[in-house]
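Undergrad: Would you mind keeping the following structure in view while I ask a few things?
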Amino acid sequence: MKGPSTTAPEQAVQGFLRKAGLSSIAEAHVHSDPKKGDFYVAHISKPGRAAEEIIAELVPGIIKSFPWPKSMRWGPASAKPGSLRWVRPLQSIVCTFGPETEEPVVVDFEIDGIRAGNVTYGHRFHAPGPITVRRFDDYVAKLEAAKVVLDADRRKEIILHDARNLAFANGLDLVEDEGLLEEVSGLVEWPVVLMGEFERDFLAIPGEVIRLTIRANQKCFVTRPQGAGEDLSNRFILVANIEANDGGKEIAYGNGKVVRARLSDALYFWKTDQSGLPDLDQLAESAAKFGLDLKKPLDQRMARLDHLNVTFHAKLGTQGQRVERIRRLAQELAPIVGADSALVARAAVLAKADLQTEVVGEFPELQGAMGRKYALLQGEDASVAAAAEEHYKPQGPSDRVPTDPVSVAVALADKLDTLTGFWAIDEKPTGSKDPFALRRAALGVVRILIENRIRLALTSLFAKAFANFKGGTDQSSDLLAFFHDRLKVYLRESGARHDLIDAVLSAGSRPISPLVGAMSAKPTEGGAVPPASHSVAPPSALPGISPTRGEIGQSPNDDLLQIVRRVEALGSLLDTDEGKNLLAGTKRAANILAAEEKKKTLVAETVEPALFREDAEKKLYAAVNQAEKEAGQAIQNEDFSAAMLALSVLREPVDSFFEGVLVNDEDQAVRANRLALLARIRAATDQVADFSKIVG
């Protein structure tokens with residue numbers, strides 16, 4: 001172990017001794033280096049040990065500290081502090097070691113009275129006797145002979161294959177459920193697939209309720225008639241852990257009894273939700289507040305949700321107050337996304353009503369889905385009913401986004417209310433902690449806007465949303481940065497380069513406007529020309545993503561769809577030779593300019609053509625003027641592909657300039673003029689992206 005120089009301070013030497021485990025510097029060696037001189041070295045020798053000895057020392061600690069999500073203690077030892085915790089009561093430990101050519105030995109150690117050995121046990125009913133094993137291969141084979149399938153993936157394959165075949169043999173299709181399959185495969189050692197049934201009358205219950213009832217309570221799969229679409233059958237698939245003497249008839253019958261009892265409860269919930277509430281006389285005030293019709297079951301549930309003052313969050317008020325905020329925000333969004341304002345208001349009011357239904361109380365996973373069903377049953381517009389379910393979407397990266405304008409308006413309002421609310425009370429995600437799923441909400445907004453091609457001025461909408469929270473602070477700038485982070489995640493997962501995203505966001509973080517007429521404007525310090533003011537024109541039709549609805553933000557980074565289009569156009573440019581060469585030339589210009597600015601070299605305020613000495617200077621000046629004008633006009637029209645194309649013509653004159661012109665001329669005026677010309681190149685490309693952020 002290399003240590004400090006022999007002339008190092010005493011503190012450094014003592015640190016080296018502690019690290020090396022030496023008691024004094026006399027135990028160290030001195031080595032010499034021709035350039036660095038003498039330095040201390042510690043020679044540390046650790047003799048090898050038998051693998052069995054190392055394993056016996058390590059494994060008990062691994063077992064005792066294994067991080068199970070849920071663990072338990074058991075037996076008399078559980079009363080003692082520090083007793084073993086495991087996912088299930090630990091009965092025996094098999095631990096053997098040895099090369100393939102020799103008889104393996106048992107690694108001897110003990111944990112809480114359980115001594116390691118080479119004996120295990122098979123299925124507790126079919127083959128409960130002891131099994132002596134040598135290595136892993138015969139461990140697997142002997143367990144399988146004893147009715148235990150060790151490999152979890154193989155158990156899954158057996159269950160899925162047998163369930164499909166059993167359903168098909170009965171004229172049915174299995175409704176596959178990967179999550180349930182994963183769970184069931186972990187509950188059995190020797191999977192045996194059976195079929196149970198329940199009365200057809202229960203099929204009057206919505207299929208989602210039947211499926212969840214059977215799944216949650218009995219861990220069983222539902223089936224549907226072949227070619228019957230979404231309609232379920234009255235038969236279900238269960239997985240037993242034994243081969244019963246009667247072929248599983250009694251097991252199937254017992255499961256059927258439990259399923260029927262559970263479905264009876266579900267049928268009661270379903271019918272109760274369509275009946276009137278007993279406390280209607282107390283709901284009149286809430287009904288008037290939201291314009292509810294107390295003759296309709298779902299309206300009654302919304303009135304009760306408000307009347308009971310059900311808390312959404314201690315600092316953000318009740319669910320009723322939240323629904324009112326969502327309604328206001330959704331109506332602001334309605335004309336932007338092309339939705340009917342009256343339908344949006346109605347959808348926002350009913351969106352949370354199913355939280356007061358019996359079915360959702362029993363099965364929270366069905367919130368939204370039941371709202372849609374109940375809305376259709378009471379004759380609501382199809383868009384209003386769809387919004388009751390779809391305003392929660394997307395709930396993950398693979399979930400679909402709503403496309404109906406009413407659903408889009410309510411979904412955006414719901415998520416933006418959540419985000420601005422928690423920002424207002426300073427309850428933001430930190431590190432890996434995000435208890436209120438705010439990252440998912442922001443990513444949902446990003447996906448809705450991008451995949452529906454919606455233009456939205458986020459900061460102006462944030463301001464309106466923050467105004468709904470009395471006493472909260474408007475943190476629009478910080479929230480917009482959070483959205484940019486989510487947009488980066490979305491674009492990277494879509495295949496976009498991270499450096500192009502950073503380049504576009506960096507350019508858009510400062511006022512970027514077309515440099516139309518910039519030739520007559522006075523450059524700022526360093527030669528960069530200040531942007532001219534402009535108003536953004538309506539978007540032109542472009543290949544790829546082209547906006548179809550929405551409003552336009554005042555800042556390039558305020559509009560997520562515009563950022564995506566800029567990244568796409570920049571990527572397309574850099575895929576060409578012109579783009580790659582332009583990038584190289586632009587970065588060279590920026591590097592030279594930055595170096596001279598750091599040295600406080602004089603940079604002219606304006607480019608003076610009279611000081612040009614080379615044809616390459618004149619050609620570059622003319623090309624920059626033309627590129628600035630055309631790119632600026634294209635950006636005004638939000639035609640970013642055209643802007644990139646306009647800039648690409650700079651490639652040849654920039655190359656010629658650097659080949660034939662010495663920037664740091666001896667004449668100070670000529671040098672300052674040439675640096676000002678480089679500043680014009682930087683300013684022109686900065687209109688679309690900060691090229692210094694691009695790798696390559």
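The values are calculated or read from the model by the stated rules, or taken from the named source; none is laboratory data. All of these numbers come straight from a predicted model, not from anything done at the bench. Don't worry about glycine lacking a Cβ; one is built from the backbone with ideal geometry, like all the others, and counts go over all protein chains shown. The area values use the complete protein model at the heavy-atom level, side chains included, leaving out ligands, DNA and RNA. Shrake-Rupley method; radii C 1.70, N 1.55, O 1.52, S 1.80 Å.
Undergrad: Within the bounds of region 630-647, is there any residue that is under 25 Å from D499 (Cβ atoms), modelled with pLDDT of 85 or more, charged (D, E, K, R) and buried (at least 20 other Cβ atoms within 10 Å of the Cβ)?
TA: Checked region 630-647: at least one residue is under 25 Å from D499 (Cβ atoms), modelled with pLDDT of 85 or more, charged (D, E, K, R) and buried (at least 20 other Cβ atoms within 10 Å of the Cβ).
Undergrad: List the helices (runs of 4 or more DSSP H) inside region 137-250, counting only whole elements, that have at least 2 residues being over 36 Å from the mean Cα position of the chain (by Cα) and surrounded by fewer than 20 Cβ atoms within 10 Å (Cβ to Cβ).
TA: Result: 152-169.
Undergrad: Also, I was wondering about something else. Given the structure, is P397 in a loop (DSSP other than H, G, I, E, B), without any contact (Cβ under 8 Å) to a residue 40 or more places away in the chain and surrounded by fewer than 21 Cβ atoms within 10 Å (Cβ to Cβ)?
TA: It is false that P397 is in a loop (DSSP other than H, G, I, E, B), without any contact (Cβ under 8 Å) to a residue 40 or more places away in the chain and surrounded by fewer than 21 Cβ atoms within 10 Å (Cβ to Cβ).
Undergrad: Does region 62-85 contain at least one residue that is of a type outside the set (K, R), farther than 30 Å from Q11 by Cα, over 43 Å from the mean Cα position of the chain (by Cα) and at pLDDT 90 or above?
TA: No, because not a single residue in region 62-85 is of a type outside the set (K, R), farther than 30 Å from Q11 by Cα, over 43 Å from the mean Cα position of the chain (by Cα) and at pLDDT 90 or above.
Undergrad: List the pairs whose first member sits in region 166-193 and is within 17 Å of I210 (Cα to Cα), whose second member is open to solvent by 60 Å² or more (accessible area, probe 1.4 Å), and whose Cβ atoms are under 6 Å apart, counting only residues at least 6 apart or on separate chains?
TA: D173/Q226; L174/R164; L180/R215
Undergrad: Right, next: Quick one: how many residues across region 275-308 are exposed (fewer than 13 other Cβ atoms within 10 Å of the Cβ) and either within 24 Å of I205 (Cα to Cα) or without any contact (Cβ under 8 Å) to a residue 40 or more places away in the chain (or both)?
TA: Of the residues in that region, 9 qualify.
Undergrad: Here's another thing I want to ask about it. Any residue at all in region 400-413 that is within 20 Å of the chain's Cα centre (by Cα), assigned to a loop (DSSP other than H, G, I, E, B) and closer than 18 Å to L561 by Cβ?
TA: yes
Undergrad: Looking at region 476-493, I want the residues that are closer than 12 Å to F462 by Cα and open to solvent by less than 50 Å² (accessible area, probe 1.4 Å) and have a partner that is assigned to a helix (DSSP H, G or I) and small (G, A, S) with Cβ atoms under 7 Å, at least 6 apart or on another chain. Which pairs are those?
TA: S476/A463; F483/A442
Undergrad: If I450 satisfies all but one of (1) modelled with pLDDT of 90 or more; (2) surrounded by 19 or more Cβ atoms within 10 Å (Cβ to Cβ); (3) touching an Asp or Glu at 6+ places or on another chain (Cβ under 9 Å), what's the number of the condition it fails?
TA: Among (1) modelled with pLDDT of 90 or more; (2) surrounded by 19 or more Cβ atoms within 10 Å (Cβ to Cβ); (3) touching an Asp or Glu at 6+ places or on another chain (Cβ under 9 Å), the lone unmet condition for I450 is (3).
Undergrad: Separate question: So how many residues does region 650-696 have that are β-branched (V, I, T), in a helix (DSSP H, G or I) and over 21 Å from A627 (Cα atoms)?
TA: Number of matching residues: 1.
Undergrad: Could you tell me how many of the residues in region 347-393 are in a loop (DSSP other than H, G, I, E, B) and open to solvent by 20 Å² or more (accessible area, probe 1.4 Å)?
TA: Matching residues across region 347-393 total 7.
Undergrad: Still on this model: Looking only at region 219-228, decide whether some residue is modelled with pLDDT of 95 or more, over 19 Å from N165 (Cβ atoms) and touching a Phe, Trp or Tyr at 6+ places or on another chain (Cβ under 9 Å).
TA: Scanning region 219-228, I find no residue that is modelled with pLDDT of 95 or more, over 19 Å from N165 (Cβ atoms) and touching a Phe, Trp or Tyr at 6+ places or on another chain (Cβ under 9 Å), so the answer is no.
Undergrad: Check A240, A261, A266 and return the single one that is under 24 Å from R211 (Cβ atoms) and without any contact (Cβ under 8 Å) to a residue 12 or more places away in the chain.
TA: Values: A240 fails: without any contact (Cβ under 8 Å) to a residue 12 or more places away in the chain; A266 fails: without any contact (Cβ under 8 Å) to a residue 12 or more places away in the chain.
None of the others qualify; the one that does is A261.
Undergrad: Within region 328-345, restricting attention to residues that are charged (D, E, K, R) and either free of Cβ contacts under 8 Å to residues at least 40 places away in the same chain or under 19 Å from A457 (Cβ atoms) (or both), which residue is surrounded by the most Cβ atoms within 10 Å (Cβ to Cβ)? It would help to see each step written out before you state the result.
TA: Narrowing region 328-345 to residues charged (D, E, K, R): 328, 332, 340.
Imposing the further condition that a residue be either free of Cβ contacts under 8 Å to residues at least 40 places away in the same chain or under 19 Å from A457 (Cβ atoms) (or both) reduces the set to 328, 332.
Numbers: R328: 17, E332: 19.
Across region 328-345, the extreme among qualifying residues is E332.
Undergrad: Quick one: G179 ticks every box in (1) of a type outside the set (S, T, Y); (2) over 30 Å from R224 (Cβ atoms); (3) at pLDDT below 95 except a single one, so which number is it?
TA: Among (1) of a type outside the set (S, T, Y); (2) over 30 Å from R224 (Cβ atoms); (3) at pLDDT below 95, G179 violates only (2).
Undergrad: Scan region 449-488 for residues that are touching a Leu at 6+ places or on another chain (Cβ under 9 Å) and closer than 12 Å to L416 by Cα and report the count.
TA: Looking only at that region, the number is 12.
Undergrad: Are there any pairs, at least 6 apart or on different chains, whose C-beta atoms fall under 7 Å, with the first in region 374-394 and touching a residue at least 24 places away in the same chain (Cβ under 8 Å) and the second open to solvent by 10 Å² or more (accessible area, probe 1.4 Å) and among the aliphatic types (A, V, I, L, M), and if so, which?
TA: Close Cβ pairs (under 7 Å, with a partner that is open to solvent by 10 Å² or more (accessible area, probe 1.4 Å) and among the aliphatic types (A, V, I, L, M)) amount to D381/L343; S383/L343; V384/L343; K393/V401; P394/V401.
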